[in-house]
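Heads up, the thing below is written out as structure tokens.
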Amino acid sequence: MTIETIAEAKYRAKNLREAMAVKGRALSHSQALELVAREQGARDWNTLRARLAQAPELSDAPDIASLRPGDRVEGRYMDQPFRGKMVDITSEGDDFRVSVHLDHPVDTVSFASFSNLRRRIRGTIGKNGLSSERNSKGIPHIIIEKIKQ
């Protein structure tokens with residue numbers, strides 16, 4: 001399991017604490033963070049945190065400013081992969097308000113007991129293709145990874 005963001009590392013530490021508590025072994029949050037750092041090959045939490053803070057959020061981020069209605073895009077919505085067509089894009093300062101019509105519906109619910117299928121997604125993304133809104137794992141709600149004009 002490769003951790004790419006600070007939020008993912010903290011989420012992993014939280015899960016580790018909960019798993020150890022079930023086994024009757026209490027861990028402090030700082031102890032869990034140190035274990036996560038070692039799992040990721042870092043000397044300690046401070047080293048891992050510094051490495052994650054310097055990492056680019058998206059290695060080959062597309063040029064969002066070049067997006068136009070009708071462009072084909074690929075990415076992830078609520079951590080589910082998608083392909084679709086850009087319906088609308090509006091600049092809002094440094095951010096962009098987007099609307100994408102998906103080729104196939106995406107289920108935004110991870111429970112087996114019910115579904116919430118989306119055929120169109122709307123949100124605000126930055127120049128890096130990522131929304132500032134994130135799930136509990138620290139993953140952006142919307143990630144635009146590729147643009148096919």
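Scanning region 48-75 for residues that are closer than 30 Å to S30 by Cα and modelled with pLDDT under 85 yields L52, A53, Q54, A55, P56, E57, L58, S59.
Among the numbered conditions (1) assigned to a loop (DSSP other than H, G, I, E, B); (2) buried (at least 17 other Cβ atoms within 10 Å of the Cβ), the only one that T2 does not meet is (2). If we keep just the residues of region 1-25 that are within 18 Å of the chain's Cα centre (by Cα) and of a type in the set (V, I, T), which is modelled with the highest pLDDT? Ranking the qualifying residues of region 1-25, first place goes to I6. Each residue in region 108-135 was checked for being surrounded by fewer than 18 Cβ atoms within 10 Å (Cβ to Cβ), under 10 Å from the mean Cα position of the chain (by Cα) and in contact (Cβ under 8 Å) with a residue 60 or more places away in the chain, and 1 pass. Those residues that are surrounded by 13 or more Cβ atoms within 10 Å (Cβ to Cβ), of a type in the set (S, T, Y) and in a helix (DSSP H, G or I), I need them from region 5-41; list them, please. Result: Y11, single match.
Here is a yes/no grid of residues against (1) small (G, A, S); (2) part of a strand (DSSP E or B); (3) without any contact (Cβ under 8 Å) to a residue 40 or more places away in the chain:
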position: G70; (1), (2), (3): yes, no, yes
position: V73; (1), (2), (3): no, yes, no
position: F82; (1), (2), (3): no, yes, yes
position: K85; (1), (2), (3): no, yes, yes
position: I89; (1), (2), (3): no, yes, yes
position: S99; (1), (2), (3): yes, yes, yes
position: D103; (1), (2), (3): no, yes, yes
position: V106; (1), (2), (3): no, yes, yes
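The values are calculated or read from the model by the stated rules, or taken from the named source; none is laboratory data. Bear in mind the structure is a predicted one, so any value in this text is a computation, not a measurement. Neighbour counts run over all protein chains shown; Cβ positions are idealised from the backbone, glycine included.
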